[in-house]
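Trainee: Please see the structure below; I have some questions.
The values are calculated or read from the model by the stated rules, or taken from the named source; none is laboratory data. Keep in mind that this is a model prediction, so the values were computed, not measured. For neighbour counting, all protein chains shown are included, and Cβ atoms are generated from backbone atoms with ideal geometry for every residue, glycine included. Ligands, DNA and RNA are stripped out before the accessible areas are found, and what is left, the full protein with its side chains, is counted by its heavy atoms. Shrake-Rupley method; radii C 1.70, N 1.55, O 1.52, S 1.80 Å.
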Amino acid sequence: MKIAVTTSGDNLAAPLDSRFGRAARILVYDTVTKGFQMIDNTQNLNAAQGAGIQAAQTVANAGANALITGHCGPKAFRVLHAAGIKVYNCEAATVGDALNQLEDGKLQIASGADVEGHWL
């Protein structure tokens, strides 16, 4: 299984970024190999609109089955849901902490967006 996690850093000890569409990077963790790849998301940092939709498409193209992020807006959530990607909202301090919370069953699958569009 591949799990995408929003972050501003470049490893498992990096902080979890609470913004989905405007996160600087997306770490995609592979639960089978225990490895990860980094995806640069800077093209969406200052986008006037569509940052969440573009980030959702990036996550889908990376083959992720799940996403852990702080918050997810309605348009991005629809794209992720349509792609069969489960969304988990999380307030963990680091990417590694967020992955551990998911593994320990402490995160719940989101049933919808938890913020309005254009949330910063």
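Trainee: Could you tell me which residue of the range 13-37 is surrounded by the fewest Cβ atoms within 10 Å (Cβ to Cβ), considering only residues that are hydrophobic (A, V, I, L, M, F, W, C), touching a Phe, Trp or Tyr at 6+ places or on another chain (Cβ under 7 Å) and under 17 Å from K86 (Cα atoms)? If you could, list the steps in order and put the result at the bottom.
Mentor: If we filter the range 13-37 for residues that are hydrophobic (A, V, I, L, M, F, W, C), which is where we start, we get 13-14, 16, 20, 23-24, 26-28, 32, 36.
From what is left, the residues that are touching a Phe, Trp or Tyr at 6+ places or on another chain (Cβ under 7 Å) are 27-28, 36.
Applying the additional criterion that residues be under 17 Å from K86 (Cα atoms) yields 27-28.
Numbers: L27: 26, V28: 19.
Among those that are hydrophobic (A, V, I, L, M, F, W, C), touching a Phe, Trp or Tyr at 6+ places or on another chain (Cβ under 7 Å) and under 17 Å from K86 (Cα atoms), it is V28.
Trainee: A follow-up question, please. Under 7 Å between Cβ atoms, at least 6 apart or on separate chains: pull out the pairs that start in the range 98-111 with a residue that is open to solvent by less than 80 Å² (accessible area, probe 1.4 Å) and end on any residue that is assigned to a loop (DSSP other than H, G, I, E, B) and not polar (S, T, N, Q).
Mentor: Pairs that qualify, where the first residue is open to solvent by less than 80 Å² (accessible area, probe 1.4 Å) and the partner is assigned to a loop (DSSP other than H, G, I, E, B) and not polar (S, T, N, Q), are A98/C90; A98/A92; Q101/C90; Q101/A92; Q101/L107; L107/C90; A110/C72.
Trainee: Right, something else. Of everything in the range 74-97 that's under 18 Å from E116 (Cα atoms) and open to solvent by less than 20 Å² (accessible area, probe 1.4 Å), which residue is nearest to the chain's Cα centre (by Cα)?
Mentor: Looking at residues that are under 18 Å from E116 (Cα atoms) and open to solvent by less than 20 Å² (accessible area, probe 1.4 Å), I get V87.
Trainee: Residues of the range 11-65 being charged (D, E, K, R) and in contact with a Leu (Cβ under 8 Å, 6 or more places away or on another chain), which ones?
Mentor: Filtering the range 11-65 for residues charged (D, E, K, R) gives 17, 19, 22, 25, 30, 34, 40.
Passing the criteria: R19, R22.
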